[in-house]
Structures are given as C-alpha cells and as structure tokens.
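Asks: Quick one: this structure, given as structure tokens, is what I'll be asking you about.
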Amino acid sequence: MTIGEKIKAIRIQKGLTQEILAEKTNVSTRTIQRIENNEVDPRSYTLEQIAEALEIDFNEFSTFQFENTEKEDNQYLAFVHLSGLLYFIFPPILLWMYKKDQIKGLDQHAKDVINYQLSIAIYLIACLPLMLIIVGVFIMIFIAIFSFVVIIMNSIKVLNNQDYQYKYSLKILK
C-alpha cells in the first residue's frame, strides 16, 4: 500500500471527502487528489497536516517516506553505475562529490565504478600494441562489449537492491 492509498483509506474510513480533508489541511482539493492517486510525493509538512486532520500519528507515514527515500537512493546509485558507460572518470566523481554524505553506500559504489573504469582503460591501453597484428582490434571490441554488458547488468542489480560485482576490476581506490 502506498502512502496515497493509505491516506485515502483512512479518509474514507473517517467519512471525510477530499474537499473536507483539503479544508482541514489548508491544502487544495487537487493536491489531495494527486497525493491519493500517487501522482506526487507529499512534503513532510503536508503529511503532518494530513495526519493531524485525520487524527492519526504522523509516524504512521514514516515507513512510507523511508521506502520512497530508499527507492530514490537506489535510482541515484544505478545512475552512478550507468555513468560508467561514458568512459570518462569525471561523471562518477562529480556524482560522488555532490551526494556522498546524503546517500548510504554511495562511497563504495562510486569507488567501484571508478576502479572499473580505470581497469578498462588500462586493459584497452594494453591492447594498443596488439593492434599492429590486428588481433588487438578484436580484443578491444570484446572488452568494450563486455564492459557495456557488465555496467548495464550492475545498474539493474543496484536498481533492484541486489548485490553487484565488477569482475576483473583492479582495486585502485580503496
């Protein structure tokens, strides 16, 4: 059950219309509709007003806020992993610096992505001499495809809150 569904169920249980709830909370009826239809995530101030109007404890909504925050964090972490597709080390570093104190686990995720990017760069540079005998081209193509697949798979795993692993990654940052 989402936070909007919970608000709607309690409102109906208490025999209130959306208009009456809107009046009691000093929020527009349209906002109440959008919250109940899960079109928006209500701010904590709005939730406090709704909890007070519905005569329930505000903490009943805290588990929903935690779930939403965790989902947003996973999306951000997945984005950090996807930034590895750019083959530039700057996007994950910038993302890391911007949110490192706000998202749990970002430190390790960013280090893993950066280590993987550096490892792939080293492997590609090592293939340059092999390009003289043509085999290096095929190895470089294989490395690029392998890297792309690994990054996409790990991004999906992180988005679904699963463990990820970058095989063949050198531990440059610890």
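No lab work stands behind these numbers, since they all come straight from the coordinates. Model, not experiment: these values are computed from the prediction. No Cβ is skipped: glycine too gets one built from the backbone with ideal geometry, and neighbour counts run over all protein chains shown.
Asks: When 1/r is averaged over all different Cα pairs and the result inverted, which Kirkwood radius in Å belongs to the range 3-56?
Replies: This gives a value of 10.6 Å.
Asks: Under the rule of -39500 (n - 2.57) per DSSP H run of 4 or more residues, summed and divided by the residues of the chain, what mean residue ellipticity at 222 nm is obtained, to the nearest 500 deg cm²/dmol?
Replies: Calculated mean residue ellipticity at 222 nm is -21500 deg cm²/dmol.
Asks: For Arg11, Arg43, what ranking results if the residue with the fewest other Cβ atoms within 10 Å of its Cβ goes first?
Replies: Ascending Cβ contact count within 10 Å gives the list Arg43, Arg11.
Asks: Right, next: Normalise the Cα radius of gyration of the chain by 2.2 N^0.38 Å (N = residues in it) and let me know the number.
Replies: 1.52
Asks: Here's another thing I want to ask about it. What pairs from Lys104/Lys167; Lys104/Lys171; Lys14/Lys157; Lys6/Lys104 go past 31 Å between their alpha carbons?
Replies: Lys14/Lys157
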